[in-house]
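Following: one structure in structure tokens, then a few remarks.
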Amino acid sequence: MKTIIFAALITLTTIDLKAQTIIPLYPEGKIPNSISVADAEAKSVSKGGSIVYTKVSIPTLEVRIPEKGNGTAVVICPGGGYSSVQYTHEGTAIANEFLKQGIATFVLKYRLPSDGWMKDKNIGPLQDAQQAIKIVRMRAKDWGVDTSKVGIIGFSAGGHLAATAGTLFTKPVIENTENTNLRPTFMALIYPVITLSDTIMHKGSRDNLLGRAPSAELADLYSPEKQITKNTSPTFLAHTGDDRTVKVANSIEMYTALQSKGVSAELHVYPKGGHGFAGRNNNAGHWIDRYYEWLKENGWL
């Protein structure tokens, strides 16, 4: 099997793009659940060119449409423990790989939960994920997207966000008078934060999203393994056994819960690779090949 190597930055000259643009997530800047404050967003760039955002209060969607698309679209949710958005490593670099497969990509720079710029920080990121799915479906014709092939993928805390989008779609936290379908056709959770209610949780993500002492009811609501129904989106999971940041038990619990409800799911656990392996050339780097195979087997690619 070939190993995929992600470059930290891939120049657009190597990608056959029809369109690329960054758009506001909400029309006319009317961001729901917001407190009017000065934009405090900060952007850092590593020596290698990787971009990380913090204090995000104005969400955006980076749209990248391949010249020869196949109708499949994926909303990408980078990780960062709900304290940052790892925009390149788990966002645009992934998008560049997907574009080579003819997949339209939508990198979500979602709001980071904070009482400083949100009336209810618990729902902010989920609002943005639901809005991203809504926009992709509403503008499907513009972007050559098949509305029956709109998926979502998330990494680490972005995996938690993707999982909440894939389990709480019947509980919209945005205005949806158009009754647009908010259910992702499929979801992929890569070394995801899942449960927020027990000892295997990633405490930093839980504290940032829900606070340090959330009620049991709130913690359960935002623990995707406890919100699965037979209508939950089919799911692909990948993790490593030696992940010291987010325990592999998160993915195992999610897979077990999906199985118990009869939801189609596929889980890959690699012995080594640590956390954040999305762009590394190691055994866990095969996840993207397995992901493409899964998409093809299900008729989404």
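Which of the residues belonging to the stretch 192-224 are of a type outside the set (A, V, I, L, M, F, W, C) and under 22 Å from Ile153 (Cα atoms)? Steps first, please.
At the first step, the residues of the stretch 192-224 found to be of a type outside the set (A, V, I, L, M, F, W, C) are 192, 195, 197-199, 202-208, 211-212, 214-215, 217, 220, 222-224.
Pro192, Thr195, His202, Lys203, Gly204, Ser205, Arg206, Asn208, Asp220, Tyr222, Ser223, Pro224 - these are the residues of the stretch 192-224 that are of a type outside the set (A, V, I, L, M, F, W, C) and under 22 Å from Ile153 (Cα atoms).
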Item to check | Odd one out for Ile252, checked against (1) among the aliphatic types (A, V, I, L, M); (2) touching a residue at least 40 places away in the same chain (Cβ under 8 Å); (3) touching a Leu at 6+ places or on another chain (Cβ under 9 Å) | outcome: (2)
Checklist entry - What pairs come up if the first residue lies in the stretch 17-31 and is without any contact (Cβ under 8 Å) to a residue 24 or more places away in the chain and under 17 Å from Thr92 (Cα atoms), the second is loosely packed, with under 13 Cβ neighbours inside 10 Å and small (Gly, Ala, Ser), and their beta carbons are under 8 Å apart, counting only those six or more places apart or on different chains? => result none
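Just one of Ala188, Ala238, Ala278 is at pLDDT below 95, touching a helix residue (DSSP H, G or I) at 6+ places or on another chain (Cβ under 8 Å) and crowded, with 21+ Cβ neighbours inside 10 Å; which is it? Don't jump to the end; show me each part of the working.
Details: Ala188 fails: at pLDDT below 95; Ala238 fails: at pLDDT below 95.
Just one listed residue meets the conditions, Ala278.
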Item to check | Filtered residues of the stretch 43-85 (kept if under 20 Å from Asn122 (Cα atoms) and either acidic (Asp, Glu) or in a loop (DSSP other than H, G, I, E, B) (or both)) | outcome: Lys55, Val56, Ser57, Ile58, Pro59, Pro78, Gly79, Gly80, Gly81, Tyr82, Ser83, Ser84
Next on the checklist: I'd like the residue in the stretch 69-86 that is more than 22 Å from Val246 (Cα to Cα) and touching a Gly at 6+ places or on another chain (Cβ under 6 Å) and, out of all such residues, is surrounded by the fewest Cβ atoms within 10 Å (Cβ to Cβ).
Outcome noted: Asn70
Checklist entry - Could you give every pair whose Cβ atoms fall below 7 Å, whose first residue belongs to the stretch 146-173 and is within 26 Å of Tyr53 (Cα to Cα), and whose second residue is assigned to a helix (DSSP H, G or I) and among the charged types (D, E, K, R), counting only separations of at least 6 or pairs across chains? => result Val150/Arg137; Phe155/Glu90; Gly158/Glu90
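Ala157: within 13 Å of Leu126 (Cβ to Cβ) and in contact with a Phe, Trp or Tyr (Cβ under 6 Å, 6 or more places away or on another chain), yes or no?
Working: within 13 Å of Leu126 (Cβ to Cβ): yes; in contact with a Phe, Trp or Tyr (Cβ under 6 Å, 6 or more places away or on another chain): yes.
The answer is yes for Ala157.
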Checklist entry - What are the residues in the stretch 104-121 that are surrounded by fewer than 24 Cβ atoms within 10 Å (Cβ to Cβ) and either free of Cβ contacts under 8 Å to residues at least 12 places away in the same chain or among the hydroxyl-bearing types (Ser, Thr, Tyr) (or both), if any? => result Ser114, Asp115
Checklist entry - Restricting attention to the stretch 194-207, which residues are touching a residue at least 60 places away in the same chain (Cβ under 8 Å), farther than 30 Å from Ala140 by Cβ and under 17 Å from the mean Cα position of the chain (by Cα)? => result His202, Ser205
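The values are calculated or read from the model by the stated rules, or taken from the named source; none is laboratory data. All values reported here derive from a predicted model rather than from experimental measurement. When we count neighbours, we look across all protein chains shown, and the Cβ atoms used for this are built from the backbone with ideal geometry, even at glycine.
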